[in-house]
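One structure is given below, encoded as structure tokens.
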Amino acid sequence: MFTFDINEKDDLWCIEDPGFNEDSSKYYEGLLTQGNGYMHVRGSFEEGVRSVKQDEEYDRKPANVTLEKHKKQSSKWGTYIPGVVGKHPYLFTEIVNLPFFMAASFAVKDEDLDMEESDISEYERYLDMRDGTLVRRFVWNTKEGLKLKMEYFRFLSFADKHLAFSEIKITALSGEGDLSFRSGIDAGVRTNGFNHFENVLFTEDSDSISVSLKTNGGNSVLMSTKLFLSDAVETAVMQDLSRINYIGRKHLKTGECFVIHKVVAANADCDVEGGNMEARNVSGLYAVKKENLADYYEAHKKVWKNKWDDAEIKIVGDEKTEKALKFSTYHLLRADNDENPNVAICAKGYAGEAYCGRYFWDTEINMLPFFIHTNPQGAKNLLMFRYNTLAGAKRNARAYGYKGARFPWESSVSGEEECACWQYADHEIHVTADIVYAIMHYVKATGDRDFIKNYGIDIMVETARYWVDRVDKDMKGRYVLLSVMGPDEYLPMTNNNAYTNHMVKFALDTTVSCIEELKEKGEFDEIKSRLNITDEDMEAFKDVAANIKISFNKDTEIILQCDGFYDFADLDFSRIWKDRSRCFGEFISQEKNYRSKALKQADVLEMMMLFPDEFTRQQFISNYDYYEPITTHDSSLSAAVHGIIAARIGRDDVAMDFLKRVIDIDLSADKKGAEEGIHIANCGGLWQMVVYGFAGMKSGMWSDEVTFAPNLPEKWQQVIIPINWHGEKKRYVIDKNGFELR
Ligand code: BGC
């Protein structure tokens, strides 16, 4: 009887779920999300949780996501193919939660297997991050007296990204009886309580059953499944309104066992492969035979192994941090589809619907450094996503009444603004300049200067045109950016946010210098006529870059976050913020918050981290000391930035506190941060904290070679970091005395 040759469990690599609990079950579903870049499935039980209706409809209204209370339920199925979207009445374009193809349920007589109600013992469940497989084992003591050992194993193939596999092995430990099963695809799901499906159609042929559907966003999806059974058991196809299944019954006696293998193929009309979706689906599914199941698993494992070879960081002396970093790395690796330039990585890492599957600056600033140095092709495609949505960004600028291109604060697949809350949508414009920063970071670390000529320059020129139109002139003749929200979202409409102005200056200077370089290489003429670049454009780019208001230099002690920052009200945090385990924003009205000096996240410090050479050590210290006490870290992006700076200025204990905070954001079982998805920007943040903070790496934006100035925590004896630099894979060994290239 064939079963997959599963890895032996290794604690360093396995994330465990301690057992069903209605309060934590949804958290583990998010935490144990599986994926292969192309598709993602939350770690839900195959049989669901009986008391939860997955197709319940409700209104999710636009709200501040930091403070929003999500629907309380102990299970939320989530199956996502990035790029497959639907239209929501208030939330605009969102990713669609697709049918749950891992669905499989069991019953003995009238008793359904259910983690909440059944008599379960010896429960064990874990995600093995080495190869992204999910394992569940337990004993089901049925009311009939039949005692069954249930063993589940599943993976989404990284080698054949349209295929998923599962194995369920049932062994009768004692007793005798009939076990009935239903295994199929369940389309009874909703996205944020909304039904995006149109035309759901169930079909069957001699070997498989299928669900095809259209979303109200215009996408088509096809999912098919077939089973291989260890014994000749008769099956039938049964469907109801929302689900199509194979059903069957197996008589089991003590010592007997039965194995069900399930293969799923999923394809969508927006796939990069193009061509006929049905034909691709059929050929993928039919190539899988009972005899070659093992080969599919081997091929899948091999891809994961290569990915880990390029990305695994080892921390000798601190297994806890190493494991947390593996967790972050695992989710970054599975969330990225390095073959698809039409999608990026959504803020919840395709592990939940809190951010509707939207793309933020998180990709460019928090995640991109990881990909630049571990998978440049993946990094390139993340930037290509912005290039491919430039037309949408141009429409977006037009909609706001400006020239050029304005990237949306929240992007879906088109590049138009999708953020439903005006404060962010209208004012959080720094993302448009962040993208230019990210392009240069990629180019400097990879040496791929052709990227500028072929794609980057279009983004630079169009966004430069937007900035030229977006600035105003003050009485001193300086260019100012009025009514702006910086990275700190607790001050929504400020003038001359230091971060934004500096980033815009950088973007304009970069645009001008890239044009000069292209001219020198004789490559500018074609670009000039294609983008219709005039002398006036060039003058305006230079003029705004040279004269945009930058209110600090190397002598400024405290860099003001924005004009008049000191005038915002001071707050007595100890009086207001009664429970520090909850967000500060929960203890203050938005109105009061918006007129006070309470920061949601790093803002000036973020700028200093991205342009470290422009500031003195004393400026780092003074600004850290000024801003940290008034920063609430209500955003998950904040802790890592503070941790990096604390490590650099030698505040070792504080840096360790931030490290714990960063790790806890998703991994603390008390906080349950992963319920609505993984904080994937923070995953990139943890990587940066180890690499840029403790190991002190300088590269790319800040150095023409890779160097390290380590400030390792006391118990870290050695850190081993793989770094891709200009196309070469290098491995650095860092210890307290320095670093060595291996
Ligand atoms: C943060 C933003 C971030 C977004 C998505 C917000 O809470 O303030 O900086 O881009 O979440 O992660």
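Any read-out appearing in this document is the output of simple, stated calculations on the displayed coordinates, not a laboratory observation. In this text, all values refer to a predicted model and were calculated from it rather than measured experimentally. Positions of Cβ are backbone-derived with ideal geometry, glycine not excepted, and every protein chain shown enters the neighbour counts.
Summary of values
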| quantity | calculated |
| --- | --- |
| Over the stretch 564-651, relative contact order from alpha-carbon pairs under 8 Å, at least 6 apart, % | 32 |
| For the chain, with +1 on Lys and Arg beta carbons and -1 on Asp and Glu, the positive-most of Cys683, Ser581, Gly486 along the dipole | Gly486 |
| Spread of Cα-to-Cα distances over 10 Å intervals beginning at zero, given as percent, for the stretch 402-614 | 8, 31, 33, 19, 7, 2, 0 |
| Between 0 and 90°, nearest 10: helix 277-287 axis offset from the chain longest Cα axis | 50 |
| Dipole axis of the chain (+1 Lys, Arg; -1 Asp, Glu on Cβ), positive-most option in Leu605, Met238, Phe4 | Leu605 |
| Protection proxy ranking of 132-142, 295-305, 495-505 - average other beta-carbon atoms within 10 Å, highest first | 495-505, 132-142, 295-305 |
| Separation of alpha-carbon centers, the stretch 268-347 and the stretch 1-65, rounded to whole Å | 17 |
| With 10 Å bins from 0: P(r) over the stretch 218-307, alpha-carbon pairs, percent | 13, 32, 36, 15, 3, 0 |
| Most positive-pole-ward Cα, Asn97, Tyr466, Gly35, against dipole of the chain from beta carbon charges | Tyr466 |
| Listed peptides 480-491, 326-337, 345-356, 241-252 by packing density, highest first (mean Cβ within 10 Å) | 345-356, 326-337, 480-491, 241-252 |
| Gain on full stretching of the segment that runs from Gln377 to Asp657 - 0.36 nm per residue minus C-alpha separation | 97.4 nm |
| Total formal charge among the other residues, if their Cβ is under 9 angstrom from that of Ala104, Lys/Arg +1 and Asp/Glu -1 | 0 |
| Subset of Lys109/Lys289; Lys302/Lys326; Lys61/Lys597; Lys307/Lys348 violating a 24 Å alpha-carbon distance limit | Lys109/Lys289; Lys61/Lys597 |
| Degrees between helix 293-311 axis and first principal axis of the chain (Cα, 0 to 90, nearest 10) | 20 |
| Spin-label model distance (nm) - Ala232 vs Glu16, 7 Å beyond Cα toward Cβ | 4.4 |
| Under-25-angstrom lysine pairs by C-alpha in the stretch 469-544, whenever the two are 8 or more apart or on separate chains | 12 |
| Debye, to nearest 20: dipole size of the stretch 402-614, +1 on Lys, Arg Cβ, -1 on Asp, Glu Cβ | 440 |
| Dipole in debye (nearest 20) - the chain, about Cα centre, beta carbon charges: Lys, Arg +1; Asp, Glu -1 | 260 |
| Between the stretch 538-608 and the stretch 470-491, the alpha-carbon center distance in angstrom | 13 |
| Global form of the stretch 384-477, assessed from the alpha-carbon gyration tensor, a/c cut-off 1.5 | oblate |
| Directionally averaged projected area (convex hull, Cα atoms, the chain), nm² | 31.9 |
| Distance between modelled label sites at Thr3 and Asp178, nm, 7 Å Cα→Cβ extension | 2.6 |
| Folded to 0 to 90 degrees: helix 430-446 orientation relative to the chain principal axis, Cα | 80 |
| Taking the chain and dividing mean pair separation by its residue count, relative contact order in percent (alpha carbons under 8 Å, at least six apart) | 12 |
| Stretchable slack from Asp613 to Glu56, in nm (0.36 nm times residue separation minus alpha-carbon distance) | 195.2 nm |
| Separation between Cα centres of the stretch 98-170 and the stretch 493-524, rounded to whole Å | 54 |
| Extension reserve of the Ala287-Glu714 stretch, reckoned as 0.36 nm per residue once the Cα distance is removed | 148.4 nm |
| Ordering of 553-560, 193-200 by burial proxy (mean other Cβ atoms within 10 Å per residue, highest first) | 193-200, 553-560 |
